[in-house]
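This report concerns only the one structure given below.
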Amino acid sequence: MRSIILQILAVTAINLKSLPQRLWLSLATVIAVGLVVTVLLAFLSMANGFRRTIADSGAEDIAVVLRSGAVSEINSVVLRDQVRLIEDGPGIARGPDGKPQTSGELYLTVNGIKRSTGTKASLPLRGLGPLGPGLRRGVVITAGRMFNPGTNEIIVGRALGKEFEGFELGQTVTFNSTRWSVVGIFAADGSVFESEIWADLPVLQSLFKRAGSVQTVRARLTSPAAIETLRAYSDNDPRLKLDVMSEAAYFAQQASNTSDLIQKLGWPLAIAMALGSLAGALNTMYSSVAARATEIATLRAIGFGGFSAFVGTLVESLILAAIGGVIGAAATYLVFDGFTASTMGASFSQVVFNFQLTPRLIGQGLLLALAVGLFGGLFPALRAARMPIVAGLYG
Amino acid sequence: MLSPADPIDPMIDIVDLCKRFTKGKETITIFDALNLAIPRGDFVAVMGPSGSGKTTLLNLLGGIDRSDSGAIEVAGERLDRLSESELSRWRASHIGFIFQFYNLMPMLTAAQNVELPLLLTRLGRKERRERVETALGVVGLADRVKHYPKEMSGGQQQRVAIARAIVSDPALLLCDEPTGDLDRSTADEVLSILQVLNRDLGKTIVMVTHDPAAAQYAKRSLHLDKGHFIEKELVA
């Protein structure tokens, strides 16, 4: 066993030390694998950033109530009477004044202009009651002030303000033929709410002709477990044809479709590219075996086994691929990590998010790189192991 | 021992060896019922025209090529009965190869090249280093331990190759045109070393060569032509 390990180490060292003789071919493989990993990790970090931005927005002790069957806020309607029934429902937390901690909300879309492309995009305009901001984690006004109830004032999420034109503090914007003043900028722990514009609910209901209904009800629960009590209450009351879920569950569901789509685009593209780089790796390793034929044959003549030639070649391929993988991961980190983008969310409005590269994603990228190295080195390694010694020595 | 007629204890005993190559639809017979016995401690030069089978014979004796039929016994082992992995292990402990173009690893130092066969043994690092120094000392290159092949002359490289061949103390050295790439005086130095290894250390040496002057260093010379030894001549 010791001898086999020494043989493998010796052959591997010989292979690696001879890499400068095949510098350009080896470099081409490293770059090809690096590009594969970069593309994969760009997609995965995009999907991850999107999913985290949305999924992290949800809390377990906040209930979201939608019309039964509505897949998102945009196509939900909750009538005023249903709002009152929910407010009186079990498991709803109450404030010091005894009032239920709920917020009926409207979710509309308005047009905005993207700074980066100058193109139009749909932005979410949320009407919410006075308790609405308090039902979200970490909401703080970072500039200006909160809108005054009963006025055409809006506050703008920090991320949305950065990505779209015309939402600077003090600016006036026009939605639905009505002028609105930007009186505040708010942050919300980097959650999806930072991609929204908030206004007073009754004003929106009036101007957008939605009086008598909202689209969602948010409610603080007495505990995360109270969601089951509230759901059972809703299910058992024929007047409440509503879906009740925790905010965390709601956002997880919202995030999964888009992030799944991004991943489903990313993986096939990366695998297609990986097949291309696999051809490159095969070519490099076959060339490596051919260039080292005399060395391999000499070692075999001395008494080295075919197994050490096999492992040594495979290790060379894996190391080239791993170097490519590390370079690809580093490039993705430098170029894309924290890169801000926006895309269409489940409610047909823009969600601003950052690409997020995690160790787990880097691990996936490196695994793909090693797979290219493994399959790219396997057959050349078999050739190295099975090469007739005489053929290697005398050509 | 395969040859009952031969009273000596042979290092090499070949009986009815057949070897053919197929090239396309053509079959070329290299050996047809070849017989040969070489005693231990012999130094034999194998000569003959190109294509006569000299190198093929050397490859068969070293267990890096297979015969089609017949028996090859080298150092008491029937090579035609060993598997590939058994042949590898056998070569590691019984055979030292010396090639025309030295076949050193260019990226390894002289010492690292010479150490390669010892990696197949159970020797520890210290013992390996001692043996490498001894082997390089035998060939007169004790001061070139850390030199790379490209930093040495052809003759020095061949001496490193000889050190590599003898470092694990094999009984049989197989030399394929060991001076074919060297000038006369350098060739004489290398051949003198081989002579010393045969005379003083008792190594059995089979050397393929085209060079009659090189063959003079052997104890006897065998002339191979069309798959048969046509002449046996005692040199010394």
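In Å², rounded to the nearest 100, what is the total accessible surface buried by chains B and A against each other with a 1.4 Å probe?
Accessible area lost upon association: around 2100 Å².
Which whole-percent values make up P(r) of region B:68-149 when all C-alpha to C-alpha distances are grouped in 10 Å steps starting at zero?
Spelled out per bin, shortest first, that is 16, 39, 29, 14, 2.
Across 5 Å bins from 0, what is the distribution of all Cα-Cα pair distances for region A:69-240, in whole percents?
Spelled out bin by bin, region A:69-240 gives 1, 8, 16, 20, 19, 15, 10, 6, 3, 1 percent.
From the alpha carbon gyration tensor of region A:178-261, can you work out the equivalent ellipsoid semi-axes (sqrt of 5 times each eigenvalue) and give them in Å, largest to smallest?
27, 21, 13
Taking every pair of alpha-carbon atoms in region A:135-231, what share in percent sits in each 10 Å bin, from 0 to the bin with the longest distance?
All Cα pairs considered, the percentages come to 15, 40, 32, 11, 2.
Hey, could you get me the Stokes-Einstein D for region B:112-236, Kirkwood radius over alpha-carbon pairs, 25 °C and 0.890 mPa s, rounded to whole µm² s⁻¹?
158 µm²/s
Would you mind checking the pairs A:Lys120/A:Lys162; B:Lys150/B:Lys203; B:Lys54/B:Lys150; A:Lys17/B:Lys146; B:Lys54/B:Lys203 and listing those with alpha carbons more than 23 angstrom apart?
Long pairs (Cα-Cα over 23 Å): B:Lys150/B:Lys203; B:Lys54/B:Lys150.
Once every Cα of region B:48-90 carries one equal point scatterer and solvent is ignored, give the base-10 log of I(q)/I(0) from the Debye formula at q = 0.16, 0.17, 0.25 Å⁻¹, two decimals.
Ignoring solvent entirely, the Cα scatterers give -0.41, -0.46, -0.86.
Measure nothing fancy, just the Cα-based angle from helix A:306-336's long axis to the longest principal axis of chain A, in degrees from 0 to 90, nearest 10.
30 degrees
Among A:303-312, A:264-273, A:242-251, how do they line up by average Cβ neighbours within 10 Å per residue, starting with the highest?
A:303-312, A:242-251, A:264-273
What are the ³J(HN,Hα) values, in whole Hz, obtained from phi via the Karplus relation 6.51 cos²θ - 1.76 cosθ + 1.60 with θ = phi - 60°, for each residue of region A:236-251 in sequence order, with x given for Gly and Pro?
Once rounded to whole Hz, the list reads 8, 9, x, 6, 10, 8, 10, 9, 10, 8, 6, 4, 4, 5, 4, 6.
Quick one: net charge of A:Gly161's neighbours, Cβ under 12 Å, K/R +1, D/E -1?
Net local charge, A:Gly161 excluded: -2.
For peptide B:118-124, what's the mean number of Cβ atoms from other chains within 10 Å of each residue's Cβ?
5
Given H placed on each backbone N at 1.01 Å, which residues far from B:Lys203 in sequence or on other chains put an amide H within less than 5 Å of it?
B:Asn198
FRET efficiency for A:Gln171 and A:Arg80, Cβ-Cβ distance as r, R0 = 41 Å, nearest 0.05?
The value I calculate is 0.80.
Based on Cα coordinates alone, diagonalise the gyration tensor for chain A, multiply each eigenvalue by 5, take square roots, and list the semi-axes in whole Å, largest first.
Semi-axis lengths for chain A are 61, 23, 15 Å.
Roughly what angle does helix B:184-201 make with the longest principal axis of chain B, taking Cα atoms, 0 to 90 degrees, to the nearest 10?
80 degrees
Based only on the alpha carbon positions, what is the Kirkwood hydrodynamic radius of chain B, in angstrom?
18.2 Å
Using alpha carbons only, how many angstrom separate the centre of region A:177-217 from the centre of region B:166-236?
97 Å
Taking amide hydrogens as modeled 1.01 Å from N in the peptide plane, which residues meet the under 5 Å criterion relative to B:Ile30, leaving out close sequence neighbours?
Under 5 Å from the amide H of B:Ile30 lie the amide H atoms of B:Lys19, B:Arg20, B:Phe21, each far enough along the sequence or on another chain.
Tell me the angle of helix B:84-94 to the major Cα principal axis of chain B, expressed in degrees between 0 and 90 and rounded to the nearest ten.
Computed tilt is about 60 degrees.
Could you work out the local net charge near A:Arg360, counting Lys and Arg as +1, Asp and Glu as -1, over the other residues with Cβ closer than 15 Å to its Cβ?
Combined, the nearby Lys, Arg, Asp and Glu give +1.
Size of the dipole of chain B about the Cα centre, Lys and Arg at +1 and Asp and Glu at -1 on the beta carbon, nothing else charged, in debye to 20?
With only Lys, Arg, Asp and Glu charged at Cβ, the dipole is about 640 debye.
Counting other Cβ atoms within 10 Å, keep those with at most 13, restrict to DSSP loop, and tell me which trypsin sites (Lys or Arg not before Pro) in region A:155-226 are left.
Taking region A:155-226 and a limit of 13 other Cβ atoms within 10 Å, the loop trypsin sites (Lys or Arg not before Pro) found are A:Lys209.
For chain A, what does -39500 (n - 2.57) per DSSP helix run (n ≥ 4), summed and divided by total residues, give at 222 nm, in deg cm²/dmol to the nearest 500?
Rounded to the nearest 500, the figure is -17500 deg cm²/dmol.
Given A:Asn148, A:Leu135, A:Ala293, which one lies farthest toward the positive end of the charge dipole of chain A, if we put +1 on the Cβ of every Lys and Arg and -1 on the Cβ of every Asp and Glu?
A:Ala293
With the dipole of chain B worked out from charges on the C-beta (+1 for Lys and Arg, -1 for Asp and Glu) around the Cα centre, which of B:Phe97, B:Gly41, B:Val114 lies farthest toward the positive end?
B:Val114
What is the sum of charges, Lys and Arg at +1 and Asp and Glu at -1, for the other residues whose Cβ falls under 13 Å from the Cβ of A:Ile4?
That works out to +3.
Using θ = phi - 60° and the Karplus curve 6.51 cos²θ - 1.76 cosθ + 1.60, what whole-Hz ³J(HN,Hα) does each residue of region B:69-74 get, with Gly and Pro shown as x?
Each residue of region B:69-74 in turn: 7, x, 10, 10, 10, 10 Hz.
Between A:Asp243 and residues 5 or more places away or on another chain, which pairs have amide H atoms under 5 Å apart, with H built 1.01 Å from N, and which residues are they?
A:Leu66, A:Arg67, A:Ser68, A:Gly69
Within region A:87-143, which trypsin sites (Lys or Arg not before Pro) sit in a loop by DSSP and count at most 15 neighbouring Cβ atoms inside 10 Å?
Sparse-neighbourhood loop trypsin sites (Lys or Arg not before Pro): A:Arg115, A:Arg137.
How large is ³J(HN,Hα), in whole Hz, for each residue of region A:117-134 in order, when computed from phi with the Karplus curve 6.51 cos²θ - 1.76 cosθ + 1.60 and θ = phi - 60°, using x for Gly and Pro?
10, x, 9, 6, 8, 7, 10, x, 10, 10, x, 9, x, x, 7, x, x, x
Roughly how big is region A:69-240's charge dipole about its Cα centre, with Cβ charges of +1 (Lys, Arg) and -1 (Asp, Glu), in debye to the nearest 20?
It comes to approximately 240 debye.
The values are calculated or read from the model by the stated rules, or taken from the named source; none is laboratory data. Source: prediction; values computed, not measured. Positions of Cβ are backbone-derived with ideal geometry, glycine not excepted, and every protein chain shown enters the neighbour counts. Remember, those area values only see protein heavy atoms, side chains included, never the ligands or the DNA or RNA. Shrake-Rupley method; radii C 1.70, N 1.55, O 1.52, S 1.80 Å.
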